[in-house]
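Data first, discussion second: the structure below is written as structure tokens.
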Amino acid sequence: MAQPGVSMAQSPHHFRDKAANEVSSAAAGERISPADSAEILERIAGALERLAPPPPPAPDFAAAEAFVWHPEERRLAAVRRVNRVDMSLLKGIDQVRDLLVENTERFARGLPANNALLWGARGMGKSSLVKAAHAAIGIAHPAPGLRLIEIHREDIETLPELMAALRNAPQRFIVFCDDLSFDAEDTSYKSLKTMLEGGIEGRPENVIFYATSNRRHMMARDMAENERSSAINPGEAVEEKVSLSDRFGLWLGFHRCSQDEYLAMVEGYVAHYRIPLAGAELRREALEWATTRGARSGRVAWQYVQDLAGRLGVRTES
């Protein structure tokens, strides 16, 4: 446990200098020889250097195609197998799919591209599309390499540190945050605003930011109404938070699917995994499943297919 008044952020050099002063004072009062004083000082310095944490190893971006950022350890952990679905299985989102793939391909080729916000209905394939686009474009452009970096919502404030780790790498990076939103007292969105289009250094040329959210402006409606009712200047208070979404040049909206689109999703999964059920019976079961869940979406379709495959003894591992 740290002693009162001692900052954990102080470097070993601070303590070494302090120890030097104390040794010098002791040498003056107790007539310690300069040689003994130097030896004591070196021993203290060596002990302090051993206590200091070693610098984190440089990330090996050739080790994997995707990584997860762990700010508490200051490292990028390689993901050996990314949890994704094939692009062909994403139904009912053709327009937004084409826009994101085109934007990602331009970025992989070193051309100008926009940060992207994928917002809208739950379970409609927002995060699945990001991972599928990364896979498709990564295969098409193997050099210098397109990497997917996942950052968790609660770690947004550490974005500047992550950017520093990526800035000088030869690869190109999609930094991805899933389910991004902010509460009333949360100020971490300011770090994201700075990274997207602010600050002196700005966003590195080899980094692009993709985020998914159920909210178009990443803040709840009651949060906006509270800001309007309590702020001295209501318009400015709301604009401060809403302006975050303006930093994304590409807005892709995902909306609830129709019954036909839902059934197309189910049939696509069933055909892909060769599950022996089709026709009227498959549609009846799929619609009954959606009715019990109270929603139709890609996620609900996948959950039904998982249940169906399990009942029929069909494996769905890719």
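Let's see how each residue does on (1) assigned to a helix (DSSP H, G or I); (2) surrounded by 13 or more Cβ atoms within 10 Å (Cβ to Cβ); (3) at pLDDT 95 or above:
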site	(1), (2), (3)
Met223	yes, yes, no
Leu244	yes, yes, no
Arg256	no, yes, no
Val266	yes, yes, yes
Leu282	yes, yes, yes
Trp302	yes, yes, yes
Arg311	yes, no, yes
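Taking (1) within 14 Å of the chain's Cα centre (by Cα); (2) farther than 26 Å from Leu99 by Cβ; (3) not acidic (Asp, Glu) in turn, Ala169 satisfies each apart from (1). Against the condition without any contact (Cβ under 8 Å) to a residue 60 or more places away in the chain and either assigned by TED's automatic domain parsing to the domain that holds Asp86 or crowded, with 18+ Cβ neighbours inside 10 Å (or both), how does Leu287 come out, does it pass? No. Restricting to region 86-145, and then to whatever is in a strand (DSSP E or B) and either small (Gly, Ala, Ser) or more than 18 Å from the chain's Cα centre (by Cα) (or both), can you tell me which residue is farthest from Ser213 (Cα to Cα)? My answer is Ala116. Among the conditions (1) in contact (Cβ under 8 Å) with a residue 60 or more places away in the chain; (2) touching a Phe, Trp or Tyr at 6+ places or on another chain (Cβ under 8 Å), the only one that Asn103 does not satisfy is (2).
Does Arg81 fit the bill of being touching a residue at least 40 places away in the same chain (Cβ under 8 Å), within 30 Å of Ala271 (Cα to Cα), assigned by TED's automatic domain parsing to the domain that holds Glu205 and not in a strand (DSSP E or B)? So Arg81 fails the test. For Glu39, the test of being surrounded by 11 or more Cβ atoms within 10 Å (Cβ to Cβ), acidic (Asp, Glu) and either modelled with pLDDT of 75 or more or not in a helix (DSSP H, G or I) (or both) is passed. Going by the structure shown, is Pro59 more than 18 Å from the chain's Cα centre (by Cα) and assigned to a loop (DSSP other than H, G, I, E, B)? Judged against the criteria, Pro59 is not a match.
With the structure loaded, tell me whether Arg167 is buried (at least 17 other Cβ atoms within 10 Å of the Cβ), farther than 26 Å from Arg122 by Cα and modelled with pLDDT of 90 or more or whether it fails that test. It is false that Arg167 is buried (at least 17 other Cβ atoms within 10 Å of the Cβ), farther than 26 Å from Arg122 by Cα and modelled with pLDDT of 90 or more.
The values are calculated or read from the model by the stated rules, or taken from the named source; none is laboratory data. Note that the structure is predicted; figures quoted are calculated from it, not measured. A quick note on method: Cβ atoms are made from the backbone with ideal geometry, for glycine too, and the neighbour counts reach across all protein chains shown.
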